[in-house]
Amino acid sequence: MGSRLIPALLIGLLLVLHAQLWFGRGSVPQVASMKQQLAERNLINREAQQRNNSLAAEVRDLQEGLDMVEELARQELGMVKPNEIFVQIAQGKP
């Protein structure tokens, strides 16, 4: 009887471990599902990062464009900001 008890116990243990592998927490199907979800989230994150980069570039372009307009207005039209004093120095011919 003792010679049959050990193999039966080992087979039972093997069945429990096998059931855990397929149906328990951290099972093969659950890990595969989580990998799929991770791949989808990574794709969504990459797309969002591209949109963010595009918007940041657009903001930079707008800021630089406004800086250029302000510089041209100052040089060509002599415009000044509030609380600024504009001083123009004329150079005479020698």
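Within the bounds of the range 10-18, is there any residue that is at pLDDT below 85, surrounded by fewer than 10 Cβ atoms within 10 Å (Cβ to Cβ) and out of contact with any helix residue (DSSP H, G or I) (no Cβ under 6 Å at 6 or more places or on another chain)?
No, the conditions are met nowhere in the range 10-18.
Just need a number here: residues in the range 72-94 that are among the charged types (D, E, K, R) and at pLDDT below 80. Don't jump to the end; show me each part of the working.
Looking only at the range 72-94, we keep the residues that are among the charged types (D, E, K, R), and these are 74, 76, 81, 84, 93.
Narrowing further to those that are at pLDDT below 80: 74, 93.
Matching residues across the range 72-94 total 2.
Within the range 26-71, can you find the residues that are more than 30 Å from F86 (Cα to Cα) and of a type in the set (G, A, S)? So that I can check it myself, show each step before the final result.
Residues of the range 26-71 that are more than 30 Å from F86 (Cα to Cα), as a first pass: 26-58.
Residues satisfying the conditions are G26, S27, A32, S33, A39, A48, S54, A56, A57.
With respect to E47, determine if the residue is under 27 Å from the mean Cα position of the chain (by Cα) and in a helix (DSSP H, G or I).
yes
The values are calculated or read from the model by the stated rules, or taken from the named source; none is laboratory data. Because the structure is a prediction, the values reported are computed rather than measured. Virtual Cβ from ideal backbone geometry, glycine too; neighbours counted across all protein chains shown.
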